[in-house]
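Here is the structure we will look at.
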Amino acid sequence: MNRRDFLKILGAGTAAGTSTLAAPLARAEPAPRVVIVGGGVGGATTAKYLKLYAPHVNVTIIEPKREYQRPYGSSEVITGQIELEDIVISYDDLKTRHGVEFVHDTVEAIDFEAKQVRTAGGQRLGYDRLVVSPGVSFDFEAIDGLNAELAETRLPHAWDAGDQLLVLKEQLESLPENPTVVIGPPPNPYRCPPGPYERAGLIAQWLLDRGDTQARVVILDPKNGFTTDYTMLHAWNDLYDFNIPEPARSKYSDEEWAQLTVHDNPGPIEWVMGDMGGRILSVDAETMTVEAEAGSFQADLINIIPPLKAGRIAIDQDLADDSGWCPVDQRTFESTRHADVHVIGDACIAGAMPKSGYAANSQAKVLAIQLKALLAGNDPVEPVFQNTCYALAGNTEVGMFVADVFRLDGDTIARVDEQRYLPFDATETEYRLAALYQHNWMKAFTEDCFS
């Protein structure tokens with residue numbers, strides 16, 4: 001997609017939203033009340049943009065934490081490029097600049113009939129529209145031998161920021177010479193699709209920088225592909241003497257495949273795809289052994305990211321279906337299970353959109369427009385969505401991305417079919433620019449959500 005075509009698509013969405021933004025909204029007495037459960041990217045962005053579009057609406061976020069820790073880019077805490085405090089984000093701007101009210105408490109129950117949210121601290125908040133952006137929870141029971149307690153100590157997944165990042169960092173720094181690290185990405189769908197592979201690359205680079213030339217980083221994967229695999233595998237082939245598995249050949253043209261190197265002495269990264277037996281069956285924290293369909297793997301460090309589901313509050317309050325995710329009207333994100341309740345971000349079923357911070361931000365901006373229309377008794381607009389996911393190959397000067405635009409196809413969000421990755425023949429400069437864009441995007445994106 002060239003720049004002119006992209007701007008036409010983006011402009012169409014903007015124009016659709018502009019008529020709604022410019023339309024006068026009859027003031028109701030009292031002012032409409034929107035309550036948002038969850039102060040992550042989705043909840044914060046919805047609150048900020050709804051206050052920008054409709055300043056008279058009372059917007060309250062219910063969030064137990066006083067500060068937010070961003071999960072996007074947080075693997076760099078593990079390998080020391082950044083510190084934990086670098087991913088901590090304040091809610092002060094939302095409160096003081098945008099007039100968003102906060103209740104720092106945990107939601108205990110939602111009364112859909114009375115349109116009221118009850119917190120553990122005893123508060124009851126009425127709403128005209130409720131937004132639930134609860135993030136994700138983890139299905140530890142899906143892997144034998146894994147549980148929530150081990151995830152806090154011996155086997156941290158470190159996939160939701162927090163202190164587990166520091167536990168995993170300490171484990172990495174304590175590894176013996178030339179260790180074996182096993183990383184287990186989750187099955188689809190999950191938060192931050194390129195993330196587990198970026199983490200594998202970062203750890204491989206960290207070990208090489210320490211002098212561990214015989215270290216192994218084994219990725220045991222239930223899947224046969226991942227977002228940015230076309231670019232990531234190619235970069236690993238160049239950077240880390242990585243041999244791309246034969247079953248992945250279909251990702252490349254014959255001409256491209258012929259240009260990839262087959263290394264006689266492969267480097268540290270091994271990718272055991274789903275078709276090669278990569279699905280993890282069980283783990284033993286005492287013996288540090290992982291059993292997969294391909295066999296048994298002994299490790300010095302194990303980082304398994306369990307299968308994901310919608311945040312616990314969504315499941316407990318009947319907003320999720322049997323899949324563990326929340327079905328919604330993909331035009332307005334209104335729950336198909338309860339009226340006047342909208343679910344966005346990682347927790348919702350959003351067609352072809354991935355579960356990412358950028359996707360949650362895009363959904364939130366659309367939702368803010370739709371909420372203004374719905375609260376005024378107007379029809380929702382025709383939405384356009386975007387997503388960009390950045391990733392590092394391991395070497396922090398080698399970056400890549402996926403960039404997509406989405407539109408409704410009937411009732412389902414579908415991806416506009418255009419080039420989404422760096423080309424196969426991307427130059428070193430293009431890879432370096434992608435890494436630079438990632439770090440600059442991290443700052444600008446965070447400000448867009450929270451400032």
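The values are calculated or read from the model by the stated rules, or taken from the named source; none is laboratory data. Please read these numbers as outputs of a predicted model, since none were measured by experiment. Cβ: placed from backbone, ideal geometry, glycine included. Neighbour counts: every protein chain shown.
All of Leu422, Leu408, Leu433 fail the test of being part of a loop (DSSP other than H, G, I, E, B), over 20 Å from the mean Cα position of the chain (by Cα) and at pLDDT 95 or above, apart from Leu422. The lone criterion from (1) surrounded by 18 or more Cβ atoms within 10 Å (Cβ to Cβ); (2) within 23 Å of Pro187 (Cβ to Cβ) left unmet by His342 is number (2).
The single residue among Gln116, Gln123 that is assigned by TED's automatic domain parsing to the domain that holds Val328 and touching a residue at least 12 places away in the same chain (Cβ under 8 Å) turns out to be Gln123. Screening the candidates Phe424, Phe401, Phe450 for the property of being aromatic (Phe, Trp, Tyr), touching a helix residue (DSSP H, G or I) at 6+ places or on another chain (Cβ under 8 Å), surrounded by fewer than 20 Cβ atoms within 10 Å (Cβ to Cβ) and in contact (Cβ under 8 Å) with a residue 12 or more places away in the chain yields one hit, Phe424.
Quick grid of which residues meet (1) touching a Leu at 6+ places or on another chain (Cβ under 8 Å); (2) at pLDDT below 95; (3) of a type in the set (Lys, Arg); (4) within 21 Å of Ser356 (Cβ to Cβ):
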| site | (1), (2), (3), (4) |
| --- | --- |
| Ala22 | no, yes, no, no |
| Pro32 | yes, no, no, no |
| Val37 | yes, no, no, yes |
| Val59 | yes, no, no, no |
| Arg66 | no, no, yes, no |
| Asp93 | no, no, no, no |
| Arg97 | no, no, yes, no |
| Asp111 | no, no, no, no |
| Asp128 | yes, no, no, no |
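Select from the stretch 127-170 the residues that are of a type in the set (Val, Ile, Thr) and touching a residue at least 24 places away in the same chain (Cβ under 8 Å) and write down the one among them that is surrounded by the fewest Cβ atoms within 10 Å (Cβ to Cβ).
Ile143
The residues of the stretch 265-282 that are closer than 12 Å to Ile183 by Cβ and hydrophobic (A, V, I, L, M, F, W, C), listed by number, are Ile269, Trp271, Val272, Ile280.
Among the residues of the stretch 35-48, is there at least one that is farther than 24 Å from Ile110 by Cα and in contact (Cβ under 8 Å) with a residue 60 or more places away in the chain? No - not one qualifying residue is present in the stretch 35-48. Within the stretch 311-323, if we keep just the residues that are over 19 Å from the mean Cα position of the chain (by Cα) and without any contact (Cβ under 8 Å) to a residue 40 or more places away in the chain, the residue that is surrounded by the fewest Cβ atoms within 10 Å (Cβ to Cβ) turns out to be Asp322.
Checking each residue in the stretch 60-72 for being in a loop (DSSP other than H, G, I, E, B) and among the hydroxyl-bearing types (Ser, Thr, Tyr) picks out only Tyr72.
The criterion of at least 2 residues that are on the phi > 0 side of the Ramachandran plot is met by none of the helices (runs of 4 or more DSSP H) falling completely within the stretch 73-186.
In the set Leu281, Leu308, which member is surrounded by 22 or more Cβ atoms within 10 Å (Cβ to Cβ) and out of contact with any Leu (no Cβ under 8 Å at 6 or more places or on another chain)? Checking each option against the conditions leaves just Leu308.
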